[in-house]
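Report on the structure given below.
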Amino acid sequence: MDHLSRFRVGIAGAGGLGSNCAVSLARSGIGTLVISDFDVVEPGNLNRQYFFINQLGMFKTTALKETIARINPDTIVIAHTGKLHRANIPEIFAGCDVIVEAFDAEEMKEMLAETIQIKMPDIPVIIGSGLAGWGNNESLRCRKIDDTLYVCGDETTETTPDNPALAPRVSIVANMQADKVIEILMNKEL
Amino acid sequence: MRIILNNRDDEFSRESLSVSQLLELRKLSFRMRIIKINGHLIPREKYDSTIINDGDKVQVIYLMSGG
């Protein structure tokens, strides 16, 4: 898929959604991934996030860059280790053809979506919303709102101590997001 | 007035209403969301001052924690 090597994809957050989505996009041959996260890998992440025991304590951006280099060294990873906020988002994701919203916290999801839709109105953003728990997978979907906004997930479930985010449904939604990125880019001329 | 709310026809007895009033009337109560009117995103601080008119296409997308 030589076509995909010409594009740059932004991934906001390298947790359950972001790490799995990034790995799928690297396997698919995306040219450049801009991955932003401020956190380090902790034991509690390993139930759903694409990290390894020997990466505990590393910044997630650094760990993911290392993992992707082992899978597909042709995908360039630009790692931004730090917090995203309204002021730095346009700069960090400048030049991206698509941006994946992959945060955990709902306030961050809203902040990112609002910022991109207002300050980068031509760039499609793919949100993950609703992936907690297990079962009921027919409710997971990717819905097009318009040409610049897509939502993947069931848009209903939220993570709670009784209904945690687990690998299967998180990975399904992360891969729905990755698949939507590919679909958008395959339809895009350079 | 009639609007299209999340791809469905919806009818209100008044001529216009603010985004905040729509959220209250239709009990769209999840805390975090994205609202678009005719394709334009309405930021949270403009929910009171943005008016929805007859024929508008309104999208309300809920954002659930988890990732």
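The values are calculated or read from the model by the stated rules, or taken from the named source; none is laboratory data. Remember, predicted model here, so these are calculated numbers, not experimental data. Quick reminder, even Gly has a Cβ in these numbers, built from the backbone with ideal geometry, and neighbours come from all protein chains shown. Calculation scope for accessible area: heavy atoms of the full protein, side chains included, ligands and nucleic acids excluded. Shrake-Rupley method; radii C 1.70, N 1.55, O 1.52, S 1.80 Å.
Whether any residue in region A:2-19 is over 15 Å from the mean Cα position of the chain (by Cα), under 13 Å from residue B:67 (Cα atoms) and within 14 Å of chain B (Cβ to nearest Cβ) is what I want to check. Spell out how you get there, then give the answer.
First, pick out the residues of region A:2-19 that are over 15 Å from the mean Cα position of the chain (by Cα): A:2-7.
Narrowing further to those that are under 13 Å from residue B:67 (Cα atoms): none.
Among the residues of region A:2-19, not one is over 15 Å from the mean Cα position of the chain (by Cα), under 13 Å from residue B:67 (Cα atoms) and within 14 Å of chain B (Cβ to nearest Cβ), which makes the answer no.
Only one entry in B:57, B:36 is more than 19 Å from residue A:154 (Cα to Cα) and in contact with a Gly (Cβ under 9 Å, 6 or more places away or on another chain), namely B:57. Residues in region A:132-179 that are within 15 Å of residue A:49 (Cβ to Cβ), surrounded by fewer than 21 Cβ atoms within 10 Å (Cβ to Cβ) and within 12 Å of chain B (Cβ to nearest Cβ): 2 in all. The listed residues are B:14, B:44, and the only one of them that is modelled with pLDDT under 95 and either within 10 Å of another protein chain (Cβ to nearest Cβ) or under 24 Å from residue A:158 (Cα atoms) (or both) turns out to be B:44.
So which residues in region A:150-166 are touching a strand residue (DSSP E or B) at 6+ places or on another chain (Cβ under 6 Å) and of a type in the set (A, V, I, L, M, F, W, C), if there are any at all? Talk me through it step by step, then tell me what you get.
The initial filter retains those residues of region A:150-166 that are touching a strand residue (DSSP E or B) at 6+ places or on another chain (Cβ under 6 Å), namely A:150-153, A:155.
A:151, A:152, listed by residue number.
For region A:79-131, filtered to residues that are assigned to a helix (DSSP H, G or I) and among the basic types (Lys, Arg), the residue that is farthest from the other protein chains (Cβ to nearest Cβ) is A:119.
Looking across region A:143-162, the residues that are in contact (Cβ under 8 Å) with a residue 24 or more places away in the chain and either in a loop (DSSP other than H, G, I, E, B) or of a type outside the set (Phe, Trp, Tyr) (or both) come down to A:148, A:149, A:151, A:152, A:153, A:154, A:155, A:156, A:157, A:158, A:159, A:160. Summed over region A:76-109, the residues that are open to solvent by 30 Å² or more (accessible area, probe 1.4 Å) and of a type in the set (Val, Ile, Thr) give a count of 4.
Of the strands (runs of 3 or more DSSP E) entirely within chain B, those holding at least 2 residues that are over 26 Å from residue A:101 (Cα atoms) occupy B:2-5, B:8-11, B:16-18, B:51-53.
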